[in-house]
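Shown next, in structure tokens, is the structure this report addresses.
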């Protein structure tokens, strides 16, 4: 009887203390992940989800060098593929949505288009570093499509990630910023400033994908959380933040 009681206590303890899910996520996912966590906790109240936000390229490098993450949600598909090639992942890479870029300003009316960025009064335009942030890379594609890249490049100030680019414009350190549509829909920015959505044809669609990291092989909760993110339960949340969600 005593042995049975000990085993029962151990099982209850395991249920009460579920494994922590360590998520590395693109900074553009800051708000949607908060909503996803709330939804997940409703059906998994004992779970613990720790989210580290940053530029996808920087997070990928951390994972390559051994950072203890279980699950990676990138702002494109190239960085998950890179991690897969490096042998850092398990299972398949899954696309969770297609994102959009917008031009946003807290002080200028940019709703009519990109041409205002060429005016002399605009001296600082923020964007995430193209070499590490997918949302920065597609800004370059977009501006080249509009024949504005060479004109505007001298005005660029670079942020470590797309959330920081938004902060630059929000605080007045930039006149405007190119950011993810998901951030414009966030509680902090949805009632501020103006924004413009460039022609989707001006850049390659931002296919955003996720993958489990090798560390997760001993963490069943990580796979459970990934499946939840990809489930129909989360589809309305992605659509709320401006993502196109594939079937």
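Where a number appears in this text, it was derived from the coordinates with a stated rule and is not lab data. What you see is a predicted model, and the numbers here were worked out from it, not measured in a lab. Glycine also receives a Cβ, built like all others from the backbone with ideal geometry; neighbour counts cover every protein chain displayed.
When each of the peptides 131-137, 58-64, 146-152 is scored by the mean number of other C-beta atoms lying within 10 Å of its residues, the order from highest to lowest reads 131-137, 58-64, 146-152. Compute the FRET efficiency between residue 39 and residue 120 as 1/(1 + (r/R0)^6), taking r as their Cβ-Cβ distance and R0 = 41 Å, and round to the nearest 0.05. According to the calculation, E is roughly 0.30. Multiplying the residue separation of residue 85 and residue 65 by 0.36 nm and removing their Cα-Cα distance gives an extension gain of 5.8 nm. Centre-to-centre, using Cα atoms only, region 183-247 and region 110-180 are separated by 22 Å. Label region 101-202 by shape, choosing from rounded, prolate and oblate, from the square roots a ≥ b ≥ c of the eigenvalues of the Cα gyration tensor; if a/c is under 1.5 it is rounded, and otherwise prolate applies when a/b is larger than b/c, oblate when it is not. It is rounded, given that a/c, with a ≥ b ≥ c, falls under 1.5. Here the spin labels are modelled as points 7 Å beyond Cα on the Cα-Cβ line, and at residue 20 and residue 204 they lie 3.6 nm apart. Computed from the C-alpha gyration tensor, the three semi-axes of the ellipsoid equivalent to the chain are 39, 18, 15 Å, from longest to shortest. Site pair residue 144 and residue 235 shows an inter-label distance of 3.5 nm when each label is modelled 7 Å from Cα along Cα→Cβ.
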